[in-house]
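Student: A single structure is presented below for examination.
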Amino acid sequence: MPTILITGGHSGIGLAAVRQLAAKGNDIVLAGRSSGRMQPAADELRARYRASVTMLTLDTSSLASVRAAAAQLHKMREAGEIEPLDAILCNAGGRFDGDVSYSPDGYETTFATNCLGHFLLVELLLASLVEGGRVVYTASGTHDSQSTDGKLVGAAVEPDATALANNGKNGVKALSAGKRYSSSKLCTVMYSYELDRRLRRSDSSVVSIAFDPGSVPETAFLRGMPKPVQWISGTPVMKGVSKRIGVITSDMEFSGASLAALATDPDYADRSGEYFQANDGNLSAVRSAQLSYDKRRARKLWDDSKQLVHLTANEEPACLR
Ligand SMILES: NC(=O)c1ccc[n+]([C@@H]2O[C@H](COP(=O)([O-])OP(=O)(O)OC[C@H]3O[C@@H](n4cnc5c(N)ncnc54)[C@H](OP(=O)(O)O)[C@@H]3O)[C@@H](O)[C@H]2O)c1
């Protein structure tokens, strides 16, 4: 059976995606930081779809946790407990409101969670993908400072990994939570493009795709916001207003189905290096922010990220050097 690993697959858009994937007979590896939160999703997938579900403890904000999860996955592969991966879905993430905070490695929480953990995970698991396997990154339309989404949340800043990882340190004023988030998603899109370029250079058959699920307020995404804001954002009236002012809107079912399609549908097997958006019931390839196509910045983002995650020569697949 095809096997799909997903971070944050036990809730929101990720859960909507794994329901679709499990219904179509895929084996699922749920990777998340709390087995208590993953368990109900695993139980549901097993009961409703007779799916084979493996839970992998993984906190994307901690480099040690990502390394331990990758080691655990390799061990399970060697023991024949799971098949090679058909797709890695880098979907976990969030916006961290309130004062700036730092990961166990001392990096700003948003950048550590949304970017560095997934960067390291892909380096460590790329060799576990089958021929033609896929990496899909859940980004966000907020990455584009020229879009309505980007303007509302706060314009993304320079995609400089070292600066973003150390944001708010040494007496420098921290970026707002919104800017920390949109900047992390700009980096996410750029990781996806840079991964595609590296894979193509080494004649790899692996596919790298970036995905904007659109604004889906009914997930737990706004959990850091005051309760009334969370409530009003999910009302039909507010969704209508968002759409009218140009926000890219979607719903959990459609965005989940879109992520599942990008992960497995043959239609997307030759769409590496593209950015897809779920917009009001349509999934299509669109242009991302102008800055996201800057190859020099993307190369630097990648190389600086390697330093920040302390990637060793043994850990780095030859095709990504
Ligand atoms: N909803 C939207 O409007 C929207 C729009 C654009 C992009 N997105 C993106 O879509 C993705 C899914 O978000 P969602 O809307 O479905 O919200 P969600 O329900 O809050 O899902 C986020 C998932 O990420 C996981 N996660 C957060 N921090 C983690 C960490 N340190 N380690 C491992 N897992 C972690 C959460 O797990 P826990 O249960 O452990 O917290 C949760 O499963 C995110 O990348 C988000 O940025 C969402």
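Student: Show that you can apply the helix-only estimate: for the chain, add -39,500 (n - 2.57) for every DSSP H stretch of four or more residues, divide by all residues, and state [θ] at 222 nm to the nearest 500.
Tutor: -12500 deg cm²/dmol
Student: Stokes-Einstein at 4 °C, 1.567 mPa s, Kirkwood radius from Cα pairs: D for the stretch 3-320 in µm² s⁻¹?
Tutor: Rounded, D is 67 µm²/s.
Student: Considering only Leu120, Gln307, Ala161, whose Cα is most displaced toward the positive end of the charge dipole of the chain, charges sitting on Cβ of Lys, Arg (+1) and Asp, Glu (-1)?
Tutor: Result: Ala161, furthest along the dipole toward the positive end.
Student: If you don't mind, there's one more thing I want to ask. Cα centroids of the stretch 28-55 and the stretch 236-273: how far apart, whole angstrom?
Tutor: Spelled out, the Cα-based centre of one part sits 23 Å from the other.
Student: When only alpha-carbon atoms are used, what values of Rg and Dmax, in angstrom, describe the stretch 210-265?
Tutor: My reading of the Cα-based Rg and Dmax gives 12.4, 39 Å.
Student: If you rank Glu108, Glu158, Glu131 by how much accessible surface each has, with a 1.4 Å probe, what is the order from largest down?
Tutor: Glu131, Glu158, Glu108
Student: Please list, in order along the stretch 297-307, the HN-Hα scalar couplings obtained from phi with the Karplus expression 6.51 cos²θ - 1.76 cosθ + 1.60 (θ = phi - 60°), rounded to whole Hz, x for Gly and Pro.
Tutor: Whole-Hz 3J(HN,Hα) from phi for the stretch 297-307: 5, 5, 4, 5, 4, 5, 5, 5, 5, 4, 5.
Student: Anyone know which of Asn170, Asn282, Asn91 comes out most mobile in the 10 Å Cα GNM of the chain?
Tutor: Asn170
Student: To the nearest 10 square angstrom, what accessible area does Thr264 show with a 1.4 Å probe?
Tutor: Thr264 exposes around 50 Å² with every protein chain in place.
Student: Stretched out fully, how many nm does the piece from Asp97 to Lys24 gain, at 0.36 nm a residue minus the Cα gap?
Tutor: Separation in residues times 0.36 nm, less the Cα-Cα distance, equals 22.6 nm.
Student: May I pose another question? Can you give the Kirkwood hydrodynamic radius of the stretch 38-171 from its Cα pairs, in Å with one decimal?
Tutor: 16.9 Å
Student: Within the stretch 118-144, whose backbone N sits under 18 Å from a point 7 Å along Cα→Cβ of Glu81?
Tutor: 125, 128
Student: Across bins of 10 angstrom width beginning at 0, how are the C-alpha pair distances of the stretch 170-285 distributed, in whole percent?
Tutor: Each 10 Å bin holds this share of Cα pairs: 12, 34, 32, 17, 5, 0.
Student: How far, in nm, would the chain grow between Gln72 and Lys169 when pulled straight, counting 0.36 nm per residue and subtracting the alpha carbon separation?
Tutor: Length difference between fully extended and current span is 31.5 nm.
Student: Also: Got a sec? What order do Ser35, Ser288 fall in by accessible area at 1.4 Å, biggest, i.e. largest, first?
Tutor: So the residues, ranked largest to smallest area, are Ser35, Ser288.
Student: Identify all lysines with a Cα-Cα distance to Lys227 below 28 Å; exclude those on the same chain that are fewer than 8 residues away in sequence.
Tutor: Answer for Lys227, where 28 Å is the Cα cut-off: Lys151, Lys173, Lys179, Lys185, Lys239, Lys243, listed by chain and number.
Student: Among DSSP beta bridges lying fully in the chain, give the percent that are antiparallel, nearest 5.
Tutor: 15 percent
Student: For an R0 of 35 angstrom, estimate the FRET efficiency from the Cβ-Cβ distance between Glu218 and Arg46 and round to the nearest 0.05.
Tutor: 0.90
Student: What residues have an amide H closer than 5 Å to that of Asn279, excluding those fewer than 5 places away on the same chain, when H is modeled at 1.01 Å from N in the peptide plane?
Tutor: Answer set, sorted by chain and number: Ser284.
Student: Leaving ligands and nucleic acids out of the surface, order Arg95, Arg201 by accessible area at 1.4 Å, largest first.
Tutor: Listed by decreasing accessible area, they come as Arg201, Arg95.
Student: Over the heavy atoms of Lys24, what accessible area does a 1.4 Å probe trace out, to the nearest 10 Å²?
Tutor: Surface accessible to solvent at Lys24 totals approximately 140 Å².
Student: While we're here: Give me the accessible area per residue for the chain, probe 1.4 Å, as a whole number in Å².
Tutor: Normalised by residue count, the accessible surface of the chain is 42 Å².
Student: Report Asp196's accessible area, 1.4 Å probe, all protein chains in place, as a number in Å² to the nearest 10.
Tutor: Taking all protein chains as shown, Asp196 has close to 20 Å².
Student: Sticking with this structure for a sec: On full extension of the chain, what length is gained from Leu152 through Ala269, given 0.36 nm per residue of separation minus the C-alpha to C-alpha distance?
Tutor: Length gained between Leu152 and Ala269: 38.8 nm.
The values are calculated or read from the model by the stated rules, or taken from the named source; none is laboratory data. Quantities reported herein were computed from a predicted structural model and do not represent experimental measurements. Cβ atoms come from the backbone with ideal geometry, glycine included; neighbour counts cover every protein chain shown. When the accessible area is computed, the model is the full protein with side chains, heavy atoms only, and any ligands, DNA or RNA have been set aside. Shrake-Rupley method; radii C 1.70, N 1.55, O 1.52, S 1.80 Å.
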